[in-house]
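Undergrad: Supplied in C-alpha cells, the structure appears directly below.
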Amino acid sequence: MSYYGSSSSGGWGSRRVEYGRTYIVRPKGRHQATIVWLHGLGDNGASWSQLLDSLSLPNIKWICPTAATRPVTAFGGFPCTAWFDVEDISVDGRDDIEGLDASAAHIANLLSSEPPDVKLGIGGFSMGAAAALHSAACYAHGKFANGMPYPITLSAVISLSGWLPCSRTLRSKTESSHMAARRASSLPILLSHGRVDEVVSYRNAERSVDTLCNSGFLYLNFKSYNGLGHYTIPEEMDDVGKWLSSRLGLDRSR
C-alpha cells in the first residue's frame, strides 16, 4: 500500500479545497478495475484502505482519498473531514451542490489517468456513499450539477449505509435526454444498508432506491442486513466482492 500527499482543487466555484492523503492499494493480480472508495464523515482514507486490502479481489486497484477538513453545519460548524457540508443526514436535507460537485470532480480526476482497458468505479460508506451516488448521477447526465462536462465512464457504483443527495431533481435530469436515460439504465449500482442503522435510517435507503428506480437507474441491487447498524460487517463486504466480480467480470484469481 502506498499514498499520495495532499492535493487541492483550485478554481472550482468560489472554494479552494485542500484534500488530505490519498492511499493506494495496488492490485495483487492482473489489473482489471480501479475503484475510488470514499470514507464517511470525520474519517480518512487509511482505515478503509486497510479493510479493502484484505478482500479477495486481487484484480482491483483501490484509491482511498481523504476528504478536506471543513466546517460541518450538522456539527454546529465544527470542522472535520467531509466530502460536502450537511445539515440533516437524509434525502430531505439541504444539498450542498458546490461541495458535492467539487468532490465529484476530485474523484473523477483521481480516475482520469487509469489505463483505458481498466473499468472504473466509485464506492463509499455513509457520506462517502452519498458522494458516490452523486457521481453516478453526474455520469448519467454527462455533466456536473454546475453544467461542466463529466469526464469519465463509470462501470460500477457502491453505496454502503448512505443516502441519495439531490433526489428532488434527479428524475427530471435523467428524463431530459435519451443519452442520460441510457446511461442511467445501464450503470450497475449496489446499495447496502443495515435495518437498524441509527445514523442514516433504513427508510432513507428505501427512499433512495425508490428515487433511483423511478429516475431510470434500473441496473440496481438493494441488499439489507438484519441487526446491522451504522458500520460494516464481513458478510456485507463479502457480498460487495461477489457483486463487483460479477458486474465487472473479474477473474478473482491472481
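The values are calculated or read from the model by the stated rules, or taken from the named source; none is laboratory data. Here the structure is a predicted model, which is why all the values come from computation and not from measurement. In this analysis, Cβ positions are derived from the backbone assuming ideal geometry, glycine residues included, and neighbour counts consider all displayed protein chains. Keep in mind that these areas ignore ligands, DNA and RNA; they rest on the heavy atoms of the full protein, side chains included. Shrake-Rupley method; radii C 1.70, N 1.55, O 1.52, S 1.80 Å.
Undergrad: Output the residue which, of all residues in the stretch 32-43 that are assigned to a loop (DSSP other than H, G, I, E, B) and touching a strand residue (DSSP E or B) at 6+ places or on another chain (Cβ under 6 Å), is nearest to Val72 (Cα to Cα).
TA: Initial filter on the stretch 32-43 (assigned to a loop (DSSP other than H, G, I, E, B)): 32, 39-43.
So of that shortlist, the ones also touching a strand residue (DSSP E or B) at 6+ places or on another chain (Cβ under 6 Å) come out as 40, 42.
Numbers: Gly40: 13, Gly42: 10 Å.
The residue in question is Gly42.
Undergrad: Based on this model, can you work out whether Val36 counts as over 29 Å from Leu250 (Cα atoms) and either in contact (Cβ under 8 Å) with a residue 40 or more places away in the chain or hydrophobic (A, V, I, L, M, F, W, C) (or both)?
TA: No, not satisfied.
Undergrad: Of the conditions (1) assigned to a loop (DSSP other than H, G, I, E, B); (2) open to solvent by 10 Å² or more (accessible area, probe 1.4 Å); (3) at pLDDT 95 or above, Gly162 clears all except one; give me its number.
TA: (2)
Undergrad: What's the total number of residues in the stretch 144-160 that are in contact (Cβ under 8 Å) with a residue 40 or more places away in the chain and within 11 Å of the chain's Cα centre (by Cα)?
TA: Count: 4.
Undergrad: Kindly provide the set of residues from the stretch 104-141 that are open to solvent by 20 Å² or more (accessible area, probe 1.4 Å) and either at positive phi or free of Cβ contacts under 8 Å to residues at least 12 places away in the same chain (or both), ordered by number.
TA: Ser113, Pro116, Asp117
Every residue, every condition in (1) among the hydrophobic types (A, V, I, L, M, F, W, C); (2) open to solvent by less than 10 Å² (accessible area, probe 1.4 Å), yes or no:
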residue: Leu212; (1), (2): yes, yes
residue: Leu218; (1), (2): yes, no
residue: Lys223; (1), (2): no, no
residue: Leu228; (1), (2): yes, yes
residue: Pro234; (1), (2): no, no
residue: Asp238; (1), (2): no, no
residue: Gly241; (1), (2): no, yes
residue: Ser245; (1), (2): no, no
residue: Gly249; (1), (2): no, no
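Undergrad: Just need a number here: residues in the stretch 79-106 that are touching a helix residue (DSSP H, G or I) at 6+ places or on another chain (Cβ under 6 Å) and aliphatic (A, V, I, L, M).
TA: Adding up the residues that qualify gives 4.
Undergrad: All but one of (1) part of a helix (DSSP H, G or I); (2) open to solvent by less than 40 Å² (accessible area, probe 1.4 Å) hold for Leu190, so report the exception by its number.
TA: (1)
Undergrad: Would you be able to say whether some residue in the stretch 232-245 is under 17 Å from the mean Cα position of the chain (by Cα) and either over 23 Å from Lys61 (Cβ atoms) or outside any helix (DSSP H, G or I) (or both)?
TA: yes
Undergrad: Mind listing just one residue for me: the one in the stretch 177-202 that is polar (S, T, N, Q) and closer than 29 Å to Asp88 by Cβ and, of those, nearest to the chain's Cα centre (by Cα)?
TA: Ser192
Undergrad: Every residue in the stretch 47-95 that is open to solvent by 70 Å² or more (accessible area, probe 1.4 Å) and farther than 24 Å from Asp197 by Cβ, please.
TA: Ser56, Thr69, Pro71
Undergrad: Also, quick follow-up: Considering Ala156, Ala145, Ala205, which residue is among the aliphatic types (A, V, I, L, M) and open to solvent by 30 Å² or more (accessible area, probe 1.4 Å)?
TA: Exactly one residue qualifies, and that residue is Ala145.
Undergrad: On to the next question. Filter the stretch 217-231 for residues that are part of a strand (DSSP E or B) and either at pLDDT below 95 or aromatic (Phe, Trp, Tyr) (or both) and give the result.
TA: Phe222, Tyr225
Undergrad: Go through the residues of the stretch 37-57 one by one and say whether even a single one is modelled with pLDDT under 95 and closer than 24 Å to Glu206 by Cα.
TA: no
Undergrad: Tell me, which strands (runs of 3 or more DSSP E) lie completely within the stretch 51-101 with 3 or more residues that are in contact (Cβ under 8 Å) with a residue 40 or more places away in the chain? Talk me through it step by step, then tell me what you get.
TA: Working: elements: 60-64, 69-72, 78-81.
Per the criteria, 60-64.
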